[in-house]
Structure formats: structure tokens, C-alpha cells
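The values are calculated or read from the model by the stated rules, or taken from the named source; none is laboratory data. Model, not experiment: these values are computed from the prediction. Note that each Cβ is placed from the backbone with ideal geometry, even for glycine, and that neighbours are counted across all protein chains shown.
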Amino acid sequence: MRALVTRPREDSEAVARALESRGITVMIEPLLEIQPVDGVSVDTGTAQGILVTSANGIRALARLSPDRTLPVWAVGDASARVARELGYVRVESAGGDVDTLAALVMARVDPAEGELLHAAGTVNAGDLGAALAAAGYRVRRQVLYRAVTATGISSDLRHALEQGTIDLALFFSPRTARTFVRLVTAADLKGSLAAVAAYGLSANVTAELTLLSWRALRQAAEPTQAALLAALDHDL
């Protein structure tokens, strides 16, 4: 059995290991390339903590600032794990999406203690700053990276789809799902997916994937990698 993983390359490594431990061969096709924003400097001195809505945000912040003392509130377990691996010692995961992260912050953080630094990209799902501002928090959104979408599929993926050697496809964001649909359609390969089961992290992700005809289309019970893998395990 062979699975396609469409995340940026650094983010694909952990899910690839999890799939390989299940005896599944993995093909990584990054549909987003993460690039740093040039000329950015970060001052953490006025912040009481860091908000992380993707692992790429905390990676970018760690490259720019040596400070590992501030608490980190991360949107999910994957981004929290990366923060810990980078040396942040006070890390808590919201285990979900932007809404659960906002709820976690409201439960843990006193807005009177100072602003929160959001390590962000140029494009982010949801509006974390607006949700927290409505509750009296000051959020400084610092754009540290950009995610550039692929302009075409690789020759390896084209060959795999044409030969029918992909059994599963995993999608972790609406943007990667939307990009896959666009690129496969442009390559005239929509008909090659009839034997592929697709797995989406959330309703927003699977909504993008309904434009293609899959063998099956599954959605994780909650927006976490663990839940997505559980959905896959149910079908194995």
C-alpha cells in the first residue's frame, strides 16, 4: 500500500514515519514551499507569550530569536511537539484549530499581563487575532514566512497516478487540497483517482476534495494528525 503526503517537506516527515510504521510506503509531494520573509526582526521583550498556528511559525521564530523562555500556546500537537524540539520549555497544545487555541488562551492567559506574539505566515486559517481582541487581548501578528503553492505536479507523481500505484492520499489544509485539485485537473489526471482513498484533516479540507472522484473520502473526527491516522486505521 502506498500513500501520498502533500504537506510541506519538513511537516511531512513525522506523518511519513507514522505511515511507514504501519507498513505503508510513502510518497511525499510538497504542494507548499515554506520561504522566510526577508528583512524581518523579532522583539519578544514586550510579549507575555507566543501563539503558534503552524509548526512553520515556531520554526521561523526560533531562527530569528534565541529566547526560549516565553510560554507557547500551540494550535495542535504537531506544532507543540516542534516547539519542544526547538527548546521551548513551556508549551501547551490546544489540540485542534484556531477556535480551540483561542479558547485555551482565554482559559490560561490574563490579558492584563501584556501582549501575545503570533508567529504567523502570510496566509493563515481563521482569524485568531480578531477572536482574542474581542475578549480584550492584544495580539501582535508577526509575519515570518510565506507558503508558496506548487505550479505543477512532479513527473514522479504523474507517473504514479497514471500507473495507479497510489492507494491513499492525505491532506492537512484547505490550501494544499485546493492546490492538488487545481494541479491534477490541469494535468488531465482527474480520472486517475478512482482507486485512491482521500483523507482530510477537517471539514474545510474535505470540502475542497469533493471536486474530485475518489474511491472514498474520509474526514478526521477532530483536526489532529492522530485523528486523521485513526480514520485511516479504521479502513486498513
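Numerical summary
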| read-out | value |
| --- | --- |
| The lone exception for Ala14 - which of (1) among the hydrophobic types (A, V, I, L, M, F, W, C); (2) touching a residue at least 40 places away in the same chain (Cβ under 8 Å); (3) in a strand (DSSP E or B) it fails | (3) |
| Region 173-193 residues that are more than 27 Å from Gln225 (Cα to Cα), paired with ones that are in a helix (DSSP H, G or I) (beta carbon under 8 Å, 6 or more apart) | Ala187/Arg158; Leu189/Arg158; Leu189/Leu161; Leu189/Glu162 |
| Where Arg7 falls short, out of the listed (1) within 17 Å of Gly121 (Cβ to Cβ); (2) of a type outside the set (Ser, Thr, Tyr); (3) within 12 Å of the chain's Cα centre (by Cα); (4) not in a loop (DSSP other than H, G, I, E, B) | (4) |
| Qualifying residue in region 205-228 (condition: assigned to a strand (DSSP E or B), within 24 Å of Arg2 (Cβ to Cβ), in contact (Cβ under 8 Å) with a residue 60 or more places away in the chain and in contact with a strand residue (DSSP E or B) (Cβ under 8 Å, 6 or more places away or on another chain)) | no |
| So Thr224, is it out of contact with any His (no Cβ under 8 Å at 6 or more places or on another chain), at pLDDT below 95, outside the structural domain of Ser93 (by TED's automatic domain parsing) and of a type outside the set (Phe, Trp, Tyr) | yes |
| Given (1) among the small types (Gly, Ala, Ser); (2) modelled with pLDDT of 95 or more; (3) within 22 Å of the chain's Cα centre (by Cα); (4) in the same structural domain as Pro8 (by TED's automatic domain parsing), number of the condition Ser173 does not satisfy | (2) |
| Residues that are assigned to a helix (DSSP H, G or I) and either small (Gly, Ala, Ser) or without any contact (Cβ under 8 Å) to a residue 40 or more places away in the chain (or both), drawn from region 25-70 | Ala55, Gly57, Ala60, Ala62, Arg63 |
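Per-residue answers, yes or no, for (1) surrounded by 20 or more Cβ atoms within 10 Å (Cβ to Cβ); (2) in contact with a strand residue (DSSP E or B) (Cβ under 7 Å, 6 or more places away or on another chain); (3) under 27 Å from Thr179 (Cα atoms); (4) basic (Lys, Arg):
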residue: Glu13; (1), (2), (3), (4): no, no, yes, no
residue: Arg17; (1), (2), (3), (4): no, no, yes, yes
residue: Arg22; (1), (2), (3), (4): no, no, no, yes
residue: Thr25; (1), (2), (3), (4): no, yes, yes, no
residue: Pro30; (1), (2), (3), (4): no, no, yes, no
residue: Val52; (1), (2), (3), (4): yes, yes, yes, no
